[in-house]
Every structure is written in C-alpha cells, then in structure tokens.
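The values are calculated or read from the model by the stated rules, or taken from the named source; none is laboratory data. Here the structure is a predicted model, which is why all the values come from computation and not from measurement. In this analysis, Cβ positions are derived from the backbone assuming ideal geometry, glycine residues included, and neighbour counts consider all displayed protein chains. Surface accessibility is based on the protein's heavy atoms, side chains included, excluding ligands, DNA and RNA. Shrake-Rupley method; radii C 1.70, N 1.55, O 1.52, S 1.80 Å.
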Amino acid sequence: MVDLGGAAKFVPRWDPRGECDRNCSFVSGDVAAAFWTVAPPAWRALAYGVALAFGTVASLWRVAAGAHFLTDAVFSGMLTFLTIWVMHGVMIRWPRTRLTEEEADGAIEHVSLWWREAVRDLFRKPRTDP
C-alpha cells in the first residue's frame, strides 16, 4: 500500500479492481495469537478486558508496521473469537454436546495422533525393496 511505503494502492475488501491477481489481504496470525486469550477464564471480566486490550495492541502494532490492513486484523480477531466461542459451546456450555474432561482429552489425543501420523506419512520416503 502506498500509504505504508508499498507500491500498491489501497482497495476496499471485496473490491475486484485491485492490483493483485488474487486477494492480497489475509488475516493476521499475530493478531489471532493475541486474541486467543479471550478463551473463557475463571476471572471473566478482568481476563476479557486484558485479552481484548492485548489483541487490540497487537492489531494496531501489525497495522502500524505495515504488515496488515486494519480489516485483516479485525477479521482475525473476530474469527479467532468465533472459533473459541463455538468450541467452548460444543465442549462445555451446550448440554447436548458437553464433554467430560476425560472425553475432551481423549478426543484431542485421537485427533492429534491422527494428524501426527498423516503428516509423518506425507513426508515418509517410499520403501524401495532390492
């Protein structure tokens, strides 16, 4: 973006007349990492305030550095919050889908073991028998 020292002109989100062949806007991983702290805590009000302040500072930092547009940071924070809210609802808040701690640990272990094996298989060299 020219305003931030780049060569491209700013184009609002969803406007197809930009200089990129594809969407050059993307969510900020740094901002998502800052907003994950919104996860439901025991000291809810204080923790929410600190988490939102932390996420906002991280967002402004990334925008000021020219690494993201403000919309990227806002979308990242909203997407992270929505993901946490849905997963907390599925696992804890909603009675029909509530998991015990043992069930949640087992489900997480099952998925992580499957993922580890899938990645291992992806990078495993094929055997060549002589």
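I need the full set of residues from segment 100-118 which are of a type in the set (Gly, Ala, Ser) and farther than 20 Å from Gly89 by Cα, in order please. Matches in segment 100-118: Ser112, Ala118. In contact (Cβ under 8 Å) with a residue 40 or more places away in the chain and touching a Ser or Thr at 6+ places or on another chain (Cβ under 8 Å) - does that describe any residue in segment 49-67? Looking for residues that are in contact (Cβ under 8 Å) with a residue 40 or more places away in the chain and touching a Ser or Thr at 6+ places or on another chain (Cβ under 8 Å), one finds none in segment 49-67, hence no. Please go through segment 59-87 and pick out each residue that is at pLDDT below 85, loosely packed, with under 13 Cβ neighbours inside 10 Å and part of a helix (DSSP H, G or I). Of everything in segment 59-87, just one residue is at pLDDT below 85, loosely packed, with under 13 Cβ neighbours inside 10 Å and part of a helix (DSSP H, G or I), namely Met87. Looking only at residues in segment 39-48 that are open to solvent by 40 Å² or more (accessible area, probe 1.4 Å) and either polar (S, T, N, Q) or assigned to a helix (DSSP H, G or I) (or both), which one is modelled with the lowest pLDDT? Across segment 39-48, the extreme among qualifying residues is Arg44.
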